[in-house]
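Here's the structure we're looking at; comments come further down.
The values are calculated or read from the model by the stated rules, or taken from the named source; none is laboratory data. Since we're looking at a predicted model, the values are computed, not measured. The accessibility values were calculated without ligands, DNA or RNA, using every heavy atom of the protein model including side chains. Shrake-Rupley method; radii C 1.70, N 1.55, O 1.52, S 1.80 Å.
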Amino acid sequence: MSSKLRTAAFIVSTLMMPLAASAADTTAANNGDSKPVAAMKDTAVTAKVKAKLAEARAGYTKSVHVKTTPEGVVTLTGTALTQDEADQAVTIAKGTDGVKSVVNKIKITK
């Protein structure tokens, strides 16, 4: 199961590469307007966090949702079975490149 999740994360990351190239081209055409690059960066950080959560434990990808702001603030929402699982998700998110801070809104189900 773990290898399937890694494969899925790899495929998602690979599919995002054309988006990154397109965002860079759009920014150059707009003479420095960084909105497309910021949107791509937010998406890339979100994808990195989700991939790390998937690698650590399959349940995270189904129950924890990730949202990233242009400033690099990641918000985790959803549910976890225990406080330890929620804390581990926060630790994983904090250790991801591009993340400046993490807001934990994960609810404990037990």
> Any residue in the range 60-71 that is open to solvent by 60 Å² or more (accessible area, probe 1.4 Å), among the hydroxyl-bearing types (Ser, Thr, Tyr), more than 14 Å from the chain's Cα centre (by Cα) and at pLDDT below 95?
Replying inline: no
>> Suppose we filter Ala89, Ala56, Ala38 for residues that are modelled with pLDDT of 90 or more and among the small types (Gly, Ala, Ser); which single one remains?
In response: Ala89
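Determine, yes or no, whether Lys50 is open to solvent by 60 Å² or more (accessible area, probe 1.4 Å), modelled with pLDDT of 70 or more and within 12 Å of Ile92 (Cα to Cα). Step through it out loud before you land on a result.
On the way: open to solvent by 60 Å² or more (accessible area, probe 1.4 Å): yes; modelled with pLDDT of 70 or more: yes; within 12 Å of Ile92 (Cα to Cα): yes.
Yes: the conditions hold for Lys50.
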